[in-house]
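Step one of this worksheet: look at the structure below.
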Amino acid sequence: MRIRLHFRQYVLGLAGAVAVASAAPALAATEIQLWHAMTGALNERIVGLTEEFNKSQSDYHVNPVYKGSYPEALNAGIAAFRAGTAPHILQVFEVGTATMMNAKGAIKPVEVMMKEAGEPFDRTAYVPAVAGYYATANGQLASFPFNSSTPVFYYNKDAFAKAGLDPEAPPKTWTELAVAAAKLKSSGQRCGYTTTWPSWIQLETFSAWHNVEYATKNNGFGGLDARLKINSPLHVRHIENLANLSKQGLFTYGGRGNAAVSRFFSGECAMLTESSSGYANIKKNATFKFGIASLPYYPDVAGAPQNTIIGGASLWVFANKTAPEYKGVAKFFSYLSKPEVQAKWHQETGYLPVTTAAYDLTRKSGFYKQNPGTDVSVEQMIVKITDKSRGVRLGFLPQIRDVTEEELENVWAGKQTAKQGLDRAVQRGDELLTRFERGNR
């Protein structure tokens, strides 16, 4: 750090000398590094956002740098911090939240930074289900909510009409989904239903949607000694239901992550559960009319449906930066919080409007009427959350997702029952949680 400081002083001194010698009229803008994991159209949009901010003022220049997938970006950020070269801002997917919160001394809590920088910041302006996820035990936001998404239900209206189903009446329950899948199959549809992000949608979100625990300690918000609860009778019932649908050819496993989305917009599968941020991709590629609806649920479960939980990512600020640099980061976050900026980001990407003002602005503009179903993600999130539906904040959650996916794949393949698979997922997941707890006491 001392070497870096000396180098910085040397550079600043040299810059000052050159400025005096050449009588340059303006100082260079303070550089802000933003490392992110966005590709394709989303990369173009985040670059556009930073360009718009840079043009709005002359004191700061935000430089967006793509650092690979979400896990790759997180690993790059951690490695850079250890090497003393961390960026100012790092985009981290939601399952990395516990890791960042427990990275003592590595981060600067966003709400603290905004206050110290003198920038106005109202945590109540943010959608509760989003803000609550990134808040510390005392309610302060640790990271800046940016690109939050949530799972929704997409369906092929043309395929529904061909199968004799009402294109304007998508299935609301899992029983109705099974009936619709059978009719679609009878009409010649190759695949009735598939899902992206199986662990996130079929277990994490499923738990919140039915207001049951995914893990103890309020899904990890209450302490590092939380343990998994995804082998409950309800979870077993749901995975067993999907396994039975798979045996009947009504549910098709489409792979991990969002691999299954192409099966939908290619027309192979007529029903899909996928992130709201998949909207732009589906709209671009689908050659049929499609609808967006709420996730299916089991109506006999008390409290269902409750609310869905977030995916996507937030922006974390690293520690040990200078006051002018934090001022620049704070200015950038204030810019991103503007209703018109948030509303545009929401409408172009399918990510949630993270502030209620951006949602109101979008609603009043008529966007939801012109693009039916695009408000489903918001409606699923803005209801009051409970301790069970706030989200999942566990250490090693990315690794827990991996072991859960492995066990689910063995269920779909008929190698084990739903109960056996979920019992093994709990056992292996709890081993990871124990390791995380020991390493972060």
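The values are calculated or read from the model by the stated rules, or taken from the named source; none is laboratory data. Keep in mind the model is a prediction, meaning the values are calculated, not measured. Cβ: placed from backbone, ideal geometry, glycine included. Neighbour counts: every protein chain shown. Protein only, heavy atoms only, side chains kept; ligands, DNA and RNA dropped before computing areas. Shrake-Rupley method; radii C 1.70, N 1.55, O 1.52, S 1.80 Å.
So in the range 321-337, with the set limited to residues that are touching a residue at least 12 places away in the same chain (Cβ under 8 Å) and not in a helix (DSSP H, G or I), which one is surrounded by the fewest Cβ atoms within 10 Å (Cβ to Cβ)?
LYS321
Pairs under 7 Å by beta carbon, first residue without any contact (Cβ under 8 Å) to a residue 60 or more places away in the chain in the range 220-237, partner open to solvent by less than 60 Å² (accessible area, probe 1.4 Å) and aliphatic (A, V, I, L, M), six or more apart or different chains?
SER232/VAL212
Scan the range 94-116 and report the pairs whose first residue is in the same structural domain as ALA135 (by the TED database) and of a type in the set (A, V, I, L, M) and whose second residue is open to solvent by 40 Å² or more (accessible area, probe 1.4 Å) and not in a loop (DSSP other than H, G, I, E, B), with Cβ atoms within less than 6 Å and a gap of 6+ or a chain change.
As it stands, the answer is ALA106/PHE81, since those pairs meet every condition given.
Would you pick out the residues in the range 395-412 that are farther than 20 Å from ALA208 by Cα, at pLDDT 95 or above and either open to solvent by 60 Å² or more (accessible area, probe 1.4 Å) or not polar (S, T, N, Q) (or both)?
Across the range 395-412, the qualifying residues are VAL403, GLU406, GLU407, GLU409, VAL411, TRP412.
Quick one: is THR99 touching a helix residue (DSSP H, G or I) at 6+ places or on another chain (Cβ under 8 Å), within 19 Å of GLY311 (Cα to Cα), open to solvent by 10 Å² or more (accessible area, probe 1.4 Å) and of a type in the set (S, T, N, Q)?
It is true that THR99 is touching a helix residue (DSSP H, G or I) at 6+ places or on another chain (Cβ under 8 Å), within 19 Å of GLY311 (Cα to Cα), open to solvent by 10 Å² or more (accessible area, probe 1.4 Å) and of a type in the set (S, T, N, Q).
TYR298 is checked against (1) in contact (Cβ under 8 Å) with a residue 24 or more places away in the chain; (2) closer than 25 Å to HIS88 by Cα and fails just one. What number does that condition carry?
(2)
Taking the range 114-134 on its own, how many of its residues are open to solvent by 50 Å² or more (accessible area, probe 1.4 Å) and either of a type in the set (Ser, Thr, Tyr) or more than 25 Å from VAL383 (Cβ to Cβ) (or both)?
Here the count works out to 5.
Which of the residues that make up the range 159-169 are under 30 Å from the mean Cα position of the chain (by Cα) and open to solvent by 30 Å² or more (accessible area, probe 1.4 Å)?
PRO167, GLU168, ALA169
Scan the range 297-320 residue by residue and report those that are among the aliphatic types (A, V, I, L, M) and not in a loop (DSSP other than H, G, I, E, B).
Within the range 297-320, ALA313, LEU315, VAL317 meet the criteria.
Looking only at the range 47-63, decide whether some residue is β-branched (Val, Ile, Thr), in contact with a helix residue (DSSP H, G or I) (Cβ under 6 Å, 6 or more places away or on another chain) and open to solvent by less than 60 Å² (accessible area, probe 1.4 Å).
yes
Answer yes or no as to whether TYR368 is of a type outside the set (A, V, I, L, M, F, W, C), in contact with a Ser or Thr (Cβ under 8 Å, 6 or more places away or on another chain) and open to solvent by 10 Å² or more (accessible area, probe 1.4 Å).
Here the answer is yes, as TYR368 does meet what is asked.
Being surrounded by fewer than 20 Cβ atoms within 10 Å (Cβ to Cβ) and over 18 Å from the mean Cα position of the chain (by Cα) is the filter here; which residues of the range 290-320 pass it?
GLY291, ALA293, TYR297, TYR298, PRO299, ASP300, VAL301, ALA302, GLY303, ALA304, ALA319, ASN320
If you check every pair at least six apart or on different chains, which have Cβ atoms under 9 Å apart with a residue in the range 180-194 that is touching a residue at least 40 places away in the same chain (Cβ under 8 Å) first and a residue that is in a strand (DSSP E or B) and of a type in the set (Val, Ile, Thr) second?
Close Cβ pairs (under 9 Å, with a partner that is in a strand (DSSP E or B) and of a type in the set (Val, Ile, Thr)) amount to TYR193/THR273; THR194/THR273.
Restricting attention to the range 200-259, report how many residues are in a strand (DSSP E or B) and open to solvent by 40 Å² or more (accessible area, probe 1.4 Å).
Of the residues in the range 200-259, 0 are in a strand (DSSP E or B) and open to solvent by 40 Å² or more (accessible area, probe 1.4 Å).
Show the residue pairs meeting these rules: Cβ distance below 6 Å; 6+ apart or different chains; first residue within the range 155-179 and without any contact (Cβ under 8 Å) to a residue 12 or more places away in the chain; second residue part of a loop (DSSP other than H, G, I, E, B) and buried (at least 16 other Cβ atoms within 10 Å of the Cβ).
Pairs found: ALA161/PRO167.
Can you confirm whether ALA280 is touching a residue at least 40 places away in the same chain (Cβ under 8 Å) and over 19 Å from HIS346 (Cβ atoms)?
no
Is there any pair with a first residue in the range 74-91 that is in the same structural domain as ALA106 (by the TED database) and of a type in the set (A, V, I, L, M, F, W, C) and a second that is in a helix (DSSP H, G or I) and open to solvent by less than 30 Å² (accessible area, probe 1.4 Å) whose Cβ atoms are under 8 Å apart and which are 6 or more apart or on different chains, and what are they?
From residues that are in the same structural domain as ALA106 (by the TED database) and of a type in the set (A, V, I, L, M, F, W, C), the pairs are LEU74/GLY96; ALA86/GLY77; ALA86/ALA80; ILE89/VAL329; ILE89/PHE332; LEU90/ALA73; LEU90/LEU74; LEU90/GLY77.
In this structure, is PHE265 open to solvent by 30 Å² or more (accessible area, probe 1.4 Å), without any contact (Cβ under 8 Å) to a residue 40 or more places away in the chain and out of contact with any Gly (no Cβ under 7 Å at 6 or more places or on another chain)?
yes
Suppose we filter VAL426, VAL392 for residues that are outside any helix (DSSP H, G or I), touching a strand residue (DSSP E or B) at 6+ places or on another chain (Cβ under 9 Å) and open to solvent by less than 20 Å² (accessible area, probe 1.4 Å); which single one remains?
Unique residue meeting the criteria: VAL392.
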